[in-house]
Structures are given as C-alpha cells and as structure tokens.
Amino acid sequence: SEVKQGILDLSYKACKADICPSLINNINKGLNVFLKHKEQLNRIRSRTLLLDIDTSCNLKCPTCRPNLLMEKQNPLGGKILEKFDNFVLPAFEKDDEIIIRLSGGGEFLVSSIIRNYVFSFDYEKHPNVKFYLHTNGTLLHQFEEELCRIANRIHRILISIDAATENTYSKTRVNGKWENLLKGIDTVKKLKTINPNINYSFAFVVSALNYYELNDFIKFAKQNGAHNASIQTITRWYQNNQIWAEHNIFDPKHPEHAKLLRTLDSFDYNDTFVSHALFQYQTKNNSKLN
C-alpha cells in the first residue's frame, strides 16, 4: 500500500503533515532543513516498532473515550507478542537499534500482558532493544522499583497530561489524581539519574477543556525538566457527536473558538522546545512578534 511504501522508503508521503508535529515542524523550518533531517534518519540504523495490542486504561479522558475500558483477559494479545518475539524481532540486523514504542491507545501499566512483557523482557537475548513508554504517568510511582531495574533499557518516556493545574487536570484526565501524576514525574526524574540518556516529554491535547492553559503547560514542562512539550489538536476517537461538538474548539462554529484564537496569538510558534501542528493558526501579528 502507499502508506506502507512511504514508511519503508522514509518519504512518509501518505502521512498527514497538517496534524503530525514531527513532519510539520521540519517542513516549516524550510525544505533544506527537512531534507537534511531526512538524510540523517536514513543513516541511523534505528527502527521503531509500534506495539498497540491493549486499550486498557485507568482513565476515561473526554478527548479519548466516554467509558472506562479494561480488558481483563487478552488471549489475542498474547499470541501477537509470541509472534512478535519469534518472527518480528529476529528479522532485524544485530546492529540495528530497535525501539519498541508502547502506544498511547491504553495505559501499559494497567495492561497486565504489556506490563509483564516489558518487565520480564529477555534483554540478554535482545541487547539492541529499548522501550519508548507512552503513559499517563499516574501509576509510574507504584512501579518505581521495576522501572528503575530496567532504566537502562528505556529510550524515551512520553507523559500525556493535558493540563497545567490540578483543577483543569480533574476535567481532562477523569479518574486521575494530580498528586499521583506529580509522583510519577518524580519517578521519571529518578530514572533519568540512573540513565541520563532517557528523554522525557509531556503531551497536551488542546480542547475546550484546557486551551487557556496551553502556555502555562509549556512552562510546567520546562520547570519539570522535560525534553520537550508536544502539543496536539483534539482528534476524534470514541466521542459521540455531542461530546465531540462540545470539546472540538478548533471548529469555527464552537462558541469559544474566538477565545482559542486569542490564546494562540500569545503562543510562541518558534519555540524549539515545543513540537506542534498549529502553524496554520499563526497570524501575521504574532509572526512578527515571534
């Protein structure tokens, strides 16, 4: 398929640059910069594999799902992991660095099958494998001992937060506790002391629930030593029509859309600490300011 071929030849021609922060950031820096970045990727013998086999999560965030999704048993996931170990991993060269990225479709620490896979992974058999952990951060402190044990096998950590204050967090991360998030961030900082090569980032999905804290979130990420802040526009997943209409503040018909645009007027589009896909909202006025 076109998507598969675009991934294999690293052109990513079927990807949506208007919503992909990595693509749009490099494209907006100029074609030469984008091509140079692409050449660098071609020279790196690193392969990232996305592992998304369990949607279980301890939260029910409005921008993601209306109900709690918990899979107590996942026999299909077990079969996939078995084939993953026996067929996928052996297919790579020994010199390839393999990054297994755990998808944000669920919380890996809630999924017993994924959690056990990571903590009991045979790193001696696969010394070239590291993990990219995508998490909501609220359970990290509960598994601090296990995470510290594999700290040198962690490539990167992405924590989805969607807020800069406890009050907003209670709306964007339903069932989550701000105090547990902060404990989780402390755990990540401890992992960083064990393995200085770990980069950790904070993610923020902009919606009607939190748009006014966008700039404060970036400050929060910087204050907590994050490698960068990832800003994404709300995407439709499991929301029904009513919830989608309420939270999709990027819809020009949304009653608070004008307030969003005013917030984006003070957004620093050229801050290299931030990856985002918001350039289409950059006006001539804030372009001059930035």
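Quick look at the values:
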read-out	value
Summed side-chain charge close to Leu102 - residues other than Leu102 whose Cβ falls under 14 Å, Lys, Arg +1, Asp, Glu -1	+2
Out-of-range pairs (alpha-carbon distance over 30 Å; input Lys192/Lys219; Lys60/Lys189; Lys177/Lys222; Lys13/Lys222; Lys130/Lys171; Lys60/Lys259)	Lys13/Lys222; Lys130/Lys171
Distance between modelled label sites at Asn199 and Thr272, nm, 7 Å Cα→Cβ extension	1.2
Accessible area (Å², 1.4 Å probe, nearest 10) - Arg156	50
GluC sites (Glu not before Pro) restricted to the stretch 97-198 and DSSP loop, no more than 14 other C-beta within 10 Å	Glu124
Accessible area (Å², 1.4 Å probe, nearest 10) - Trp244	50
Heavy-atom SASA rank of Val129, Val88 (probe 1.4 Å, accessible area, largest first)	Val88, Val129
Solvent-accessible surface ranking, highest first, for Leu109, Leu209 at 1.4 angstrom	Leu209, Leu109
Sulfur and carbon atoms: percent of accessible area, the stretch 101-186 [1.4 Å]	43
Protein accessible area in the stretch 206-290, 1.4 Å probe - carbon and sulfur %	49
Karplus (6.51, -1.76, 1.60) ³J(HN,Hα), θ = phi - 60°, over the stretch 114-131, in Hz, Gly and Pro reported as x	6, 4, 5, 5, 5, 6, 10, 4, 7, 6, 6, 6, 10, x, 8, 9, 9, 10
Accessible area of the stretch 69-158 divided out per residue, in Å², using a probe of 1.4 angstrom	52
For the stretch 189-290: accessible area per residue (Å², 1.4 Å)	53
Separation between Cα centres of the stretch 116-154 and the stretch 230-244, rounded to whole Å	29
Heavy atoms of Thr263: accessible area, 1.4 Å probe, square angstrom to 10	30
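The values are calculated or read from the model by the stated rules, or taken from the named source; none is laboratory data. What you see is a predicted model; the values in this text were computed from it and never measured. Every residue, glycine as well, gets a Cβ built from its backbone with ideal geometry; the counts of neighbours run over all protein chains shown. In case anyone asks, the SASA skips ligands and DNA or RNA and just uses the protein heavy atoms, side chains included. Shrake-Rupley method; radii C 1.70, N 1.55, O 1.52, S 1.80 Å.
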